[in-house]
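Q: Here's a structure for you.
Rule-based calculations on the coordinates, nothing more; no lab input. Note that the coordinates shown come from a computational prediction; the quantities given were computed from them, not determined experimentally. Backbone-built Cβ (ideal geometry, glycine too); neighbour counts: all protein chains shown.
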Amino acid sequence: SAVISQKPSRDICQRGTSLTIQCQVDSQVTMMFWYRQQPGQSLTLIATANQGSEATYESGFVIDKFPISRPNLTFSTLTVSNMSPEDSSIYLCSVYSRLAGGLDTQYFGPGTRLTVL
Amino acid sequence: AQSVTQLDSQVPVFEEAPVELRCNYSSSVSVYLFWYVQYPNQGLQLLLKYLSGSTLVESINGFEAEFNKSQTSFHLRKPSVHISDTAEYFCAVRDTGGYNKLIFGAGTRLAVHP
């Protein structure tokens, strides 16, 4: 399986500021995703991070609020912009690759626990 | 659109008792099915998956799940639970073919009591 790391693991931020979360994978992967898990809830897909092109956002999420970069096949960033308390969540990076031993399986990073005051 | 229903939001059970966590999905096409586990204050870990072949799949820690196509279900079971199994369990489904996204259920909190 792919080994995924995220930085920071947690942060407490003031409203109106922005935070960039990094996701690093130990091998090249085809697809990378960003999910949000609000307190006590399930996971919601924010966007698919595309290498070399703009991310594909799900309904309800926009690039201005959650800009995403993916400069290569092992790294991606998610920025949470102009934060409000409603953005307090766990943000998870996920990868999927048919080239790795996972065979149509998605793996998740440890998550970034964000609290906005 | 795909959807996943986990019928129980919470399941309390005593240690060494059997448990079943229910999952139903809505799809008329071929799917891949997954169970993920999230221990307190941790990320998601893949517990087991059904891609094809035998409809009964097992994990290394004693959980098993059975794919039932006619009932569109993928219930998770364990014959004897431990305190350490206390966690949130998420069922997820993805259409086969291409790079389709995972759809998650709302989750079931398994609380194992001594």
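Q: Could you tell me the relative contact order of the range B:1-94? Use alpha-carbon pairs under 8 Å, at least six residues apart, and round to a whole percent.
A: Taking the mean separation of contacting Cα pairs over the length of the range B:1-94, I get 37 percent.
Q: I want to verify the translational diffusion coefficient of the range B:3-113 in µm²/s; compute it with Stokes-Einstein, Rh as the Kirkwood radius over Cα pairs, at 25 °C and 0.890 mPa s.
A: The estimated diffusion coefficient comes to 175 µm²/s.
Q: A follow-up question, please. Could you pull out every one of the aspartates and glutamates with an alpha carbon less than 13 Å from that of residue B:101, ignoring same-chain neighbours closer than 8 positions?
A: Hits, sequence-local ones excluded: A:58, A:104.
Q: Provide the percentage of antiparallel DSSP beta bridges, counting only those with both residues in the protein assembly as shown; round to the nearest 5.
A: Given both bridge residues lie in the protein assembly as shown, the antiparallel proportion sits at roughly 90 percent.
Q: Another question, if that's okay. Report the net charge of residues surrounding residue B:63, where surrounding means a beta-carbon distance below 13 angstrom and charges are Lys +1, Arg +1, Asp -1, Glu -1.
A: -2
Q: If you don't mind, there's one more thing I want to ask. Can you return the lysines within cross-link range of residue A:7? Criterion is Cα-Cα under 23 Å, with same-chain partners fewer than 8 residues away left out.
A: A:65
Q: Over chain A, consider all pairs of different Cα atoms and compute the Kirkwood hydrodynamic radius from their mean reciprocal separation; express it in Å, one decimal.
A: Evaluated over chain A, this radius sits at 14.2 Å.
Q: Taking the Cα-to-Cβ direction at residue A:115 and at residue B:82 and moving 7 Å from each Cα, how far apart do the two end points lie in nm?
A: Each label point lies 7 Å from its Cα, and together they span 3.1 nm.
Q: Please rank B:109, A:15, A:70, fewest neighbouring Cβ atoms within 10 Å first, as an exposure proxy.
A: A:15, B:109, A:70
Q: Say each of residue B:7 and residue A:30 gets a label point 7 Å from the Cα, pointing the same way as Cα to Cβ; how far apart are those two points in nm?
A: Each label point is offset 7 Å from its Cα along the Cβ direction, giving 3.5 nm.
Q: Quick check: convex hull of the Cα atoms in the protein assembly as shown, volume per residue, rounded to a whole Å³?
A: Hull volume over Cα atoms, normalised by residue count, gives 123 Å³.
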